[in-house]
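Quick notes on the structure that follows.
The values are calculated or read from the model by the stated rules, or taken from the named source; none is laboratory data. The shown structure was predicted, so the numbers you read here are calculated from the model rather than taken from an experiment. Because the Cβ atoms are built from the backbone with ideal geometry, glycine has one as well, and the counts that use them run over all protein chains shown. Surface accessibility is based on the protein's heavy atoms, side chains included, excluding ligands, DNA and RNA. Shrake-Rupley method; radii C 1.70, N 1.55, O 1.52, S 1.80 Å.
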Amino acid sequence: MCGVFGVWGVPEASRITYLGLHGLQHRGQESAGIVTAEGDNLFSFKRMGRVADVFDEKSLNQLPGTVAIGHVRYSTQGMSIVKNAQPFAVEFAGTSLAIAHNGNLTNANELRAELEAAGSLFHTTMDTEVFVHMLARAEGTLVERLQKVLPRVRGAFSVLILTPNQMVAVRDPHGFRPLVLGRSSQGRPVLASESSALRLVEAVPERELEPGEILHIDTNGETSHRISEDTTPSPRQCIFEHIYFARPDSHIFGARVYEVRKAIGRRLAVEQPVADADVVIPVPDSGTAAAIGYAQEAGLPYEMGLIRSHYAGRTFIEPSSSIRHFGVKLKLSPVEHVIRDRSVVVVDDSIVRGTTSRKIVRMLRDAGAKAVHMRIACPPTTHSCFYGIDTPTRGELIAATQSMDAIRNFLDADSVGYLSIDGLHDSMSGRSGYCDACFTGNYPVPVPQLHFQQKLTERD
Ligand code: SF4
């Protein structure tokens, strides 16, 4: 859960990157950072918080140059502290280097132990730092170093690297996380996790980086390389990006996210109809497009029965227990006349622990719903993600431990219906090469047992 953005050869690179990070804010709200290059130096500014809170005129003025990379973070690995904010900038082989990473490495612990035994001193608890130490120990140009190092790195990585005179964009051989190349109005390369960020800075999306591609940019232009010339790409792009994570106005993995979500909703209506329904409402925002598809297919009215507050950040104040369901009320509010005395189909993107869904059902009942039918735009989430999405341990996933009846009882819904795994894949309109491990347990990159245990420890 992170977003990366980079721009090469444009005036006010830090301000363009600042805007681009706004377009990726949904991918991480814990910290934000920008590193620019001018002359022989890199300039860095990063803080905890959202993009608009981290940067102002003063901080952006401290970031000169026509080249920049930026990062928004939601921690999936390493603690949520400013030391772990990215881009991560270091002195490297006589020069400076900064790195911004979206994803999770599954063999970071082994690589780290190996590097520490060989004398490397780590400054953060992030898996991203492993890249830097491995690159420092390799030899050759930056691309040659990457080609030596990356075949040993397992897991998910869409990465931007900046030195004073070159930028590199890399996508792991499975392409778990998206990374899109666009063009500025001056024809300069702009890179972003999602196309939504490119359009915000008026860059035109050109193509997605291929899984396993290294794109090198310097004053001589752009060259494309492979991480390894020997291996055939085997895409396993994160299907959950399409369900929940990416912005619906983005185009990733060769598809428009909004259209994929509507197709999912249509299929959900076929697989999980509700006989006596009066209205379809979404849990906004990520359930919205699927609810539109559901309503269209079912021939039911679509209404905004829940309104999301976009201003609810993290809160540190717990009210007295007399205010029930406080957390969800900060974010969602019912439109009572849409719900009252109606049989409501409520479409959400997924159910993780079930606690939020239960509060939503309660909220709809309190607003006068005659019946509440939960419809979920993906299959039951039964496995944790180790490739860059923050999911809890298996034991905390309601669908991993409870029967459908028990889930319905827990949510106190009149019915609960999930999309099938076939229905999910069919909704991709013939495209294939997805990771669906959180629904099937078919992990495309093996996850060491240690990793399962570490996830548990981090959450304890
Ligand atoms: Fe995406 Fe799920 Fe695979 Fe993680 S396990 S990469 S969330 S599909």
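At a Cα cut-off below 23 Å, give the lysines reachable from residue 46, other chains included and same-chain residues fewer than 8 away excluded. Counting by Cα, and skipping residues close in sequence, residue 46 has these lysines nearby: 58, 83. Under 17 Å of direct C-alpha separation, and excluding same-chain neighbours fewer than eight residues apart, residue 329 reaches these aspartates and glutamates: 285, 318, 348, 366. Among the listed pairs 331/370; 262/331; 331/359, those with a Cα-Cα distance over 20 Å are 331/370; 262/331.
Of the whole protein surface, residue 331 contributes about 90 Å² of accessible area at a 1.4 Å probe radius.
Among 241, 38, 139, the sequence by solvent-accessible area, most first, with a 1.4 Å probe is 139, 38, 241.
Run the helix sum for the chain: -39,500 (n - 2.57) per DSSP H stretch of 4+ residues, divided by residue count, reported at 222 nm to the nearest 500 deg cm²/dmol.
Working: 17 runs with 134 residues, N = 460.
So the helix-based figure for the chain works out to -8000 deg cm²/dmol.
Computed over the chain, relative contact order equals 13 percent, with contacts defined as Cα pairs under 8 Å that lie 6+ residues apart.
Length available on full extension from residue 202 to residue 59: 0.36 nm per residue minus the Cα-Cα distance, which gives 49.2 nm. Exposure check, 1.4 Å probe, all protein chains in place: residue 297 carries approximately 90 Å² of accessible surface. Here is the size of the range 3-236 from its Cα atoms: Rg then Dmax, 16.1, 48 Å. Each part reduced to its alpha carbon centroid, the range 181-202 and the range 81-123 end up 27 Å apart. Computed from label points 7 Å out along Cα-Cβ, the spacing between residue 81 and residue 116 is 1.5 nm.
Rounded to the nearest 5, the antiparallel percentage of DSSP beta bridges internal to the range 256-434 is 15%. Projecting label points 7 angstrom from Cα along Cα→Cβ for residue 333 and residue 308 puts them 1.6 nm apart.
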